[in-house]
Amino acid sequence: MGKYGKWITGGLGWAIFGPIGGILGFAIGSIFDSTEIHTNVIKGESGRNGFIVSLLVLLSAVMKADGKILKSELDFVKKYFLDNFGPAASQEAMILLRDILKQQVPLRDVCAQIRDNVDYSSRLQLIHLLFGVAYADGVVSVEEQNVINAIASFLGISTQDYESIKAMFVVNINSYYTILEVEPTATNEEIKKSYRSLAIKHHPDKVGYLGDDVRKNAEQKFQKITEAYDKVKKERGFN
């Protein structure tokens, strides 16, 4: 099974088919022909591993958006997998990403496959992670924003949810309000109501089944929402 053994035997489920399967087929070759692999796919953690592979495929599109692949971006991805999955998985992820980066990703088709197999809360988490990589050099370029915007649209992410996550990385004067998905003219009660709704929608428990690593990243997103709410409360003087 070679260098991709842990990924495949963990079970990729739906991700071995369709456009993502084609991309993985290029990288992994004939490994999917093994009977052992097909048996383990049925028994494995296909939701979690499918999410991880989806992330790698989408990351490749974002990293190539501005025509250059930065070391800071690669370091971000490596550190994310190292911190959350350990050295062996991190090494495998980087090798797999290297092979995926050599290909053209049919973004609309890939996103359609992800949309059909990944729940909404997990798709929100994908967008958050994509912005994290794009921001690895301290700025999200216009080209990167355009690709992430397209991905969000193809994944069926609402405009409000997309702008809320984007505002966590692309700062403007109304970022806190944007994160809370309200206008600066909103009433205090409207802000409270929106915060309660976002707290439910983005709660880390929504993606807990994908593992502690993804949950940890979701907690960071949840914290951004809480921080925005606290800033607005302080600015307006309400509890």
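Coordinate-derived values only; no laboratory data. The shown structure was predicted, so the numbers you read here are calculated from the model rather than taken from an experiment. Counting neighbours? That spans all protein chains shown, and the Cβs are built from the backbone with ideal geometry, glycine included.
See the values below:
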read-out	value
Proximal lysines relative to K78, as straight alpha-carbon distance under 17 Å, when same-chain residues fewer than 8 apart are discounted	K3, K6, K64, K216
Residue among F154, F131, F26 with the largest mean-square fluctuation in a Gaussian network model of the chain, springs linking Cα atoms under 10 Å	F26
Lysines whose Cα lies under 16 Å from that of K234, excluding same-chain neighbours fewer than 8 positions away	K192, K224
Gain in span if fully extended, Q103 to Q220, counting 0.36 nm per residue against the direct Cα distance	39.0 nm
Sum of -39500 (n - 2.57) over DSSP H runs of 4+, divided by residues of the chain (222 nm, nearest 500)	-21500 deg cm²/dmol
Footprinting exposure proxy for Y176, Y229 (fewest neighbouring C-beta atoms within 10 Å first)	Y229, Y176
Rg(Cα) / (2.2 N^0.38 Å) computed for the chain, rounded to two decimals	1.05
Label-point separation in nm, K68 to T159, each point 7 Å along Cα→Cβ	3.4 nm
